[in-house]
1. Run the numbers on segment 58-149 and let me know its relative contact order in percent, using alpha-carbon pairs under 8 Å that are six or more apart.
2. Using the per-residue mean of other Cβ atoms lying within 10 Å as a proxy for protection, in what order, highest first, do the peptides 592-600, 375-383 fall?
3. ³J(HN,Hα) across segment 579-592 via Karplus (A = 6.51, B = -1.76, C = 1.60, θ = phi - 60°), whole Hz, x for Gly/Pro?
4. Can you sort ILE294, ILE143, ILE169 by how many other beta carbons sit within 10 Å, fewest first?
5. Pulled fully out, how much extra length does the chain show between GLU152 and LYS277, if you take 0.36 nm times their separation in residues and subtract their Cα-Cα distance?
6. What FRET efficiency comes out for ARG439 versus SER626 if R0 is 25 angstrom and r is the Cβ-Cβ distance? Round to the nearest 0.05.
7. Which stretch or stretches of segment 579-594 have amide N atoms under 13 Å from the point lying 7 Å from VAL333's Cα along the Cα→Cβ direction?
8. If R0 is 51 Å, what FRET efficiency do you get for LYS77 and GLU610 from their C-beta distance, rounded to 0.05?
Amino acid sequence: MLPPLSQSEDHTDLARSRRRATWTSLSLSLSLCISLPVTETTTKRRRRGGGKAEASEFVEIGYISSVHGLQGEVRVKSVTAFPELRFGEPGRRWLRTRISGKDDVRAMELTWGRSHSGQKTWILSFNGVDTVEEARQLIGSTILVKEGDRPELEEGEFYTPDLYGMKVILKSSLILYEIFYNILFFNSGDGSEVGTVVNVVNYGSNDLLQVRLNETKGSHDGKGSAGPLVWVPFVEAIVPDVDIDNREIYITPPKGLLELNIRSDTRSKKERRLMGKKEAQQNLSSAKKTLAEIGQEHVLRGFTFGGKDQKRLLGKQIGNINLRLFQHAMGNVSKPFESTIAENGWEISHYSCYSSSDCDENKDLQGLRADGLRLISESKVAIILVPESQKNEKCLPSFSEETTSYVLQLKNALSAYRGFAEANECGSSPPLTILSPARDLKPCQELLLGLDYFGFDKEKVWLLEEEKLPVVNRVQSDQGGHKILLRSPWEIIESPAGPGAIFSPLSSHKIVDNLNAMGVQYVQVCSLSQRCAPGHLLFLGLVNARKVNVGVKIFSDADEDDDIDMIFSMEYLNKVTKQMDELPPFYAVPKQNRHVELVENSWADVEPSEPNSYHLYCPIHDILNSCSMDDVAVLKIVN
C-alpha cells in the first residue's frame with residue numbers, strides 16, 4: 001500500500017525558483033496547471049522570523065515496493081530528493097508498517113544501498129533481513145527518518161510542507177481586494193486575507209502555490225460554497241515575503257492573475273456532457289454546410305438511408321475532418337520542391353556527429369555538445385516524434401493493412417533516449433509529443449503505461465493521432481474540382497497528411513501553448529528512423545550557436561524526406577501554427593483506391609486498374625520555402 005504524501009521529503013527538497021520568470025510568461029501556464037500532481041519544490045524568499053512550522057516526528061523518504069534478489073535485499077521507491085544521503089549512507093532508519101489498523105514504527109539499520117539504474121528505484125539491505133521470506137514481510141512499509149535530521153536550508157529557503165496551510169495575504173490590499181470583491185464576491189473579514197495554501201507544485205521552470213480562496217458570500221451555484229482553487233506563481237515579484245513565525249505569505253499579484261484560472265463553468269457533469277453533445281452536433285452541422293459549399297455534398301448522401309450506427313460513423317468522420325487544413329491542401333498543391341539546402345550544409349562525418357569521443361578532442365564540437373546538453377538540462381528543449389516519411393507512393397499505407405512496426409520503432413527510440421539521458425545526467429525529462437498512426441494509438445498508449453513512460457514525466461507527454469485528410473478523385477468532376485472518395489456510403493477514405501501537417505494538431509491541442517508556458521526555446525521534430533536522434537546535443541548546440549529559427553539535418557546518402565530531423569525555435573513555431581499560409585505546400589500523390597460512387601441514384605463499386613486518386617501529402621522539409629537560408633542551420637552527415 002502506498003504511503004500518504006502529506007509529509008514526505010519529495011515535497012521538501014530544493015528546487016529553487018527561477019526569479020527571471022515573469023507574469024507575462026507565467027500567465028498562460030496557470031491555466032494549464034489545474035490538475036497537476038504535487039512535485040518537490042522549495043524556493044528562496046525573504047524570510048520574516050526564523051522559526052519552523054510544526055511537523056510530525058518522522059519524515060517519509062520512500063517505501064518498499066518489492067523484493068530484490070535472494071539475499072534479503074528490497075527495492076525502494078524514493079520520495080526524497082536526497083536519495084544518495086538517505087539510501088546510500090549506512091545508518092539508522094525507521095520502518096512504519098500497518099498492522100491490524102495501527103501504525104507500528106521500528107528502528108532498522110541500513111547496511112548498504114545502491115541505485116537501480118534506469119528504474120528510478122534503490123536496492124537496500126537492512127541488518128537482520130537475510131532471506132527472501134524476511135524481505136517479503138517488509139513490502140509496503142514506509143521508510144522514515146527523524147524530522148530533526150532534515151538538511152539545513154540556506155537563508156530564505158523553505159521546505160514545502162512548511163508552506164501548507166499558511167495564510168495568503170494581499171500586501172496591497174486596497175486595490176486588489178476591490179478586484180477580488182468585484183469578481184469573486186469575497187467575504188474575507190478585514191479585506192486582506194484571501195485564502196490558504198493547500199498545495200505547492202513545480203511546473204517546468206516555475207514554482208506555483210495552489211491557494212484555496214476564502215469562503216465566498218455568494219457563488220456561481222448560489223449555494224455559498226467554499227472559494228475556488230487558484231494558482232499563484234512563487235516568484236519574488238508576486239510573493240515578496242514569507243513569514244514563517246506567523247505562518248503568513250504576502251502576495252502582490254497583478255490584475256487578472258487570480259481570476260485567470262478560476263473555472264467559471266460550475267455546471268454538473270451531466271449538464272456538461274449534454275452541452276458537449278450539443279456542441280458536437282453544432283460542429284457537425286457546420287461541417288456539413290462547409291462540405292456542401294465546397295462541392296462535396298455527395299459525402300452527405302449516407303445520412304439519407306442506412307442504420308443509426310452507420311450514420312453515426314459517418315457523422316463522426318465528418319466531424320473529425322480538419323476542413324480548414326483540407327481546403328488549404330486543395331488550394332496549395334504544388335510540384336516537388338527542388339531544394340538547395342544540401343549545398344549550404346555544414347558537413348561532418350557520421351562518426352564525429354554521433355560519437356562523444358571525438359568531441360573530447362575537438363574543442364568546437366565539444367562546445368556545441370556542451371551547449372546542447374545545457375539546453376536539455378535546463379528544460380529548454382521539447383521533442384516531437386513522427387512516423388517515418390511516406391512521401392513515395394509505395395510507402396503510403398492503406399488503413400486496412402495490419403499494424404506496422406511503428407510501436408517497435410517507438411520503443412527503440414524512447415529506450416535509446418533514456419539510455420542517453422542517464423549517461424549524460426540530463427536531469428528532468430523534456431516535454432514529449434508523439435504523433436501516431438490511428439491504428440497504433442492504443443498499442444502506443446499501452447507501451448507507455450507498461451514501461452512507466454520510459455522515464456519521461458507523464459504530465460508532459462502527449463500522444464496524438466497523426467493528421468489525416470480525405471483522399472480525392474484524380475479526375476475532376478463535371479462540376480469541376482476533385483471529389484472526396486468513399487469506401488462505402490458511410491465511410492470516407494483518408495490517408496496520412498504527412499509530417500508537414502504536424503503544425504495543425506500542435507495548435508489545436510494547445511501543445512504550443514503548453515511549451516510556451518514551460519519556457520521551452522527549441523522543439524526537435526524527428527522521425528523514428530534509426531539515424532535520427534532525439535535530443536541530439538551537437539545538433540541542438542549548432543542551431544543555438546547560429547541563432548537561427550530552423551535547423552535541418554540531412555544525410556548525404558539519402559533523400560531529404562527519408563529521415564526527418566529538424567529543430568524549430570519557439571518563435572518560429574508560434575508563427576507557423578497561427579498562420580495557415582505559413583504551412584508547407586501539399587503534393588498530390590497518385591494512389592489506387594477501390595471506392596463506391598453514386599450512379600443513377602444507386603451506389604456502385606469501382607475497382608480501378610490504375611491510380612485513380614490523390615493522397616494529399618505535406619513533406620516537412622518544404623517549409624524551408626518560406627525561410628531565408630540565413631535563418632537555417634544545415635547539418636549534413638557524410639559517410
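Nothing in this text is a laboratory measurement; each read-out follows from the coordinates by a stated rule. All values derive from a computational prediction rather than experimental measurement. Cβ: placed from backbone, ideal geometry, glycine included. Neighbour counts: every protein chain shown.
1. Working: 202 pairs, mean separation 37.6, N = 92.
That works out to 41 percent.
2. Working: 592-600: 14.0, 375-383: 20.8.
Going from most to least packed, we get 375-383, 592-600.
3. Once rounded to whole Hz, the list reads 10, 4, 6, 7, 5, x, x, 9, 9, 9, 8, x, 8, 8.
4. On the way: ILE294 14, ILE143 29, ILE169 19.
Arranged by neighbour count, lowest to highest, ILE294, ILE143, ILE169 become ILE294, ILE169, ILE143.
5. Details: separation 125, 0.36 × 125 = 45.00 nm, distance 5.53 nm.
Using 0.36 nm per residue and subtracting the Cα-Cα distance, I get 39.5 nm.
6. Values: r = 33 Å, r/R0 = 1.31.
For R0 = 25 Å, the calculated efficiency reads 0.15.
7. Within reach of a label on VAL333: 586-591.
8. Numbers: r = 60 Å, r/R0 = 1.18.
In this case the efficiency is close to 0.25.
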